[in-house]
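Novice: Can you keep this structure in mind? I'll have questions shortly.
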Amino acid sequence: MGSELVRQLCQKNKIFILDISERAFVLSQELKQKGYWVEARIGDIRDENTVQDLFEDFKPQYVFHAAALKHVSPHESYPKEAIMTNAIGTYNVLHHAKRYECLEKFIYISTDKVVNANSIMGITKKVGEIMVRNQGGICVRFGNVMGSDGSVIPIWQRQVDDNLPFTVTDKNAYRYLMTIPESVKLVIEATEQGKGGEIFIMDMGKQVNILEIVTKLSSELKREVPIKMIGLRPGETLGESLMTEEESKKAVKKGKFYVIGSNSVEQRKD
């Protein structure tokens, strides 16, 4: 998600990347060679001094906050890392963005896991969503993005490469799915539309059955790949929702989004 955001935004903007992975440096060098203004710094959003230095040095107008720990099951047994990245890290970025008063919009990449959250990952992302929204930022919420970190597609690819069976949690498991370029395009569209304090929830159509997807993938390969049912792991669910029942009553359909207005707007309506 972050890499594709950089690729699309750098065509008309100067971009500064902060990432804990050195992939950010490789990406910046690649785009520089194509003539784009892209700088990268290797750093951790959980380190407040690192975040402070970034805002002092670059003074961004727009902040796209896509950093997160995204897998559900690993954080059930050891929640600390998800709390540090998804909650504390988000606070650090948001705090210094407000402190330096150098941005026009703050965009937070959220997830459908925040809805009726029953996992550490979902709860910590929900905390981030609340903080950002209450501080006038824009939250963009959607389901699974195919090929992104935390999605099932790279897992299946490794299983094919290693001659292992495809793993599926349950034959009745359903998920929302969207491609990376499509989701990033909508994030940018939400950024352009958003005024602050809203949640933009992507209309992702119907959920798809995971078993049907993996069956089609197996049929497209030149060899048959067995499918192994592994059962739901801690924090996982059979299906997902993009909104709570209460949110669905407030949401207004606008193009490819359901939009929930700022808290101040909702209070005036009440």
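Novice: Kindly provide the set of residues from the stretch 76-95 that are under 15 Å from Ile109 (Cβ atoms) and of a type in the set (Ser, Thr, Tyr), ordered by number.
Specialist: Thr85, Thr90
Novice: Shifting gears a bit: Within the stretch 100-110, is even one residue in contact with a Lys or Arg (Cβ under 7 Å, 6 or more places away or on another chain), of a type in the set (Ser, Thr, Tyr), in contact (Cβ under 8 Å) with a residue 12 or more places away in the chain and within 19 Å of Thr244 (Cα to Cα)?
Specialist: Yes, the stretch 100-110 contains at least one residue that is in contact with a Lys or Arg (Cβ under 7 Å, 6 or more places away or on another chain), of a type in the set (Ser, Thr, Tyr), in contact (Cβ under 8 Å) with a residue 12 or more places away in the chain and within 19 Å of Thr244 (Cα to Cα).
Results for (1) in contact with a Gly (Cβ under 8 Å, 6 or more places away or on another chain); (2) buried (at least 18 other Cβ atoms within 10 Å of the Cβ); (3) not aliphatic (A, V, I, L, M), shown as yes or no for each residue.
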site	(1), (2), (3)
Leu9	no, yes, no
Leu18	yes, yes, no
Ser21	no, no, yes
Leu27	no, yes, no
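Novice: Of the residues Gly136, Gly122, only one is of a type in the set (Gly, Ala, Ser) and not in a loop (DSSP other than H, G, I, E, B); which?
Specialist: Gly122
Novice: If I ask for residues that are within 18 Å of Thr191 (Cα to Cα) and free of Cβ contacts under 8 Å to residues at least 12 places away in the same chain, which ones from the stretch 121-139 would you list?
Specialist: Ile130
Novice: Sticking with this one: Among the residues of the stretch 203-236, write down those that are loosely packed, with under 15 Cβ neighbours inside 10 Å and in contact with an Asp or Glu (Cβ under 7 Å, 6 or more places away or on another chain).
Specialist: Within the stretch 203-236, Met229, Gly231, Leu232, Pro234 meet the criteria.
Novice: Is it true that Thr111 is surrounded by 18 or more Cβ atoms within 10 Å (Cβ to Cβ), within 15 Å of the chain's Cα centre (by Cα) and of a type in the set (Ser, Thr, Tyr)?
Specialist: Spelling it out, Thr111 is indeed surrounded by 18 or more Cβ atoms within 10 Å (Cβ to Cβ), within 15 Å of the chain's Cα centre (by Cα) and of a type in the set (Ser, Thr, Tyr).
Novice: Glu247 - would you say it is touching a strand residue (DSSP E or B) at 6+ places or on another chain (Cβ under 7 Å), surrounded by fewer than 19 Cβ atoms within 10 Å (Cβ to Cβ), at pLDDT 85 or above and among the acidic types (Asp, Glu)? Give the derivation first.
Specialist: On the way: touching a strand residue (DSSP E or B) at 6+ places or on another chain (Cβ under 7 Å): yes; surrounded by fewer than 19 Cβ atoms within 10 Å (Cβ to Cβ): yes; at pLDDT 85 or above: yes; among the acidic types (Asp, Glu): yes.
Spelling it out, Glu247 is indeed touching a strand residue (DSSP E or B) at 6+ places or on another chain (Cβ under 7 Å), surrounded by fewer than 19 Cβ atoms within 10 Å (Cβ to Cβ), at pLDDT 85 or above and among the acidic types (Asp, Glu).
Novice: Suppose we filter Tyr62, Tyr36 for residues that are over 18 Å from the mean Cα position of the chain (by Cα), surrounded by fewer than 20 Cβ atoms within 10 Å (Cβ to Cβ) and either within 19 Å of Met1 (Cα to Cα) or touching a residue at least 24 places away in the same chain (Cβ under 8 Å) (or both); which single one remains?
Specialist: Numbers: Tyr62 fails: over 18 Å from the mean Cα position of the chain (by Cα).
The unique qualifying residue is Tyr36.
Novice: Residues in the stretch 160-202 that are free of Cβ contacts under 8 Å to residues at least 40 places away in the same chain and either aromatic (Phe, Trp, Tyr) or surrounded by fewer than 17 Cβ atoms within 10 Å (Cβ to Cβ) (or both): how many?
Specialist: Taking the stretch 160-202 and keeping what is free of Cβ contacts under 8 Å to residues at least 40 places away in the same chain, we get 161-164, 177-179, 182, 192.
Still in the list and also either aromatic (Phe, Trp, Tyr) or surrounded by fewer than 17 Cβ atoms within 10 Å (Cβ to Cβ) (or both): 161-164, 179, 182, 192.
Qualifying residue count, the stretch 160-202: 7.
Novice: Does the stretch 216-236 hold any residues that are in a helix (DSSP H, G or I) and over 15 Å from Ile153 (Cβ atoms), and which are they?
Specialist: Answer for the stretch 216-236, where residues must be in a helix (DSSP H, G or I) and over 15 Å from Ile153 (Cβ atoms): just Ser219.
Novice: Is it the case that Val145 is surrounded by 22 or more Cβ atoms within 10 Å (Cβ to Cβ), outside any helix (DSSP H, G or I) and among the β-branched types (Val, Ile, Thr)?
Specialist: yes
Residue-by-condition table, conditions (1) in a strand (DSSP E or B); (2) among the aliphatic types (A, V, I, L, M); (3) more than 23 Å from Thr111 (Cβ to Cβ):
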site: Arg7; (1), (2), (3): no, no, no
site: Gln11; (1), (2), (3): no, no, yes
site: Ala24; (1), (2), (3): no, yes, no
site: Ser28; (1), (2), (3): no, no, yes
site: Tyr36; (1), (2), (3): no, no, yes
site: Ala40; (1), (2), (3): yes, yes, yes
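Novice: Residue check: is Ala97 under 17 Å from the mean Cα position of the chain (by Cα) and in a helix (DSSP H, G or I)?
Specialist: No.
The values are calculated or read from the model by the stated rules, or taken from the named source; none is laboratory data. Given the structure is predicted, the values throughout are model-derived calculations rather than measurements. Using ideal geometry, Cβ is built from the backbone for each residue, glycine included, and neighbour counts are taken over all protein chains shown.
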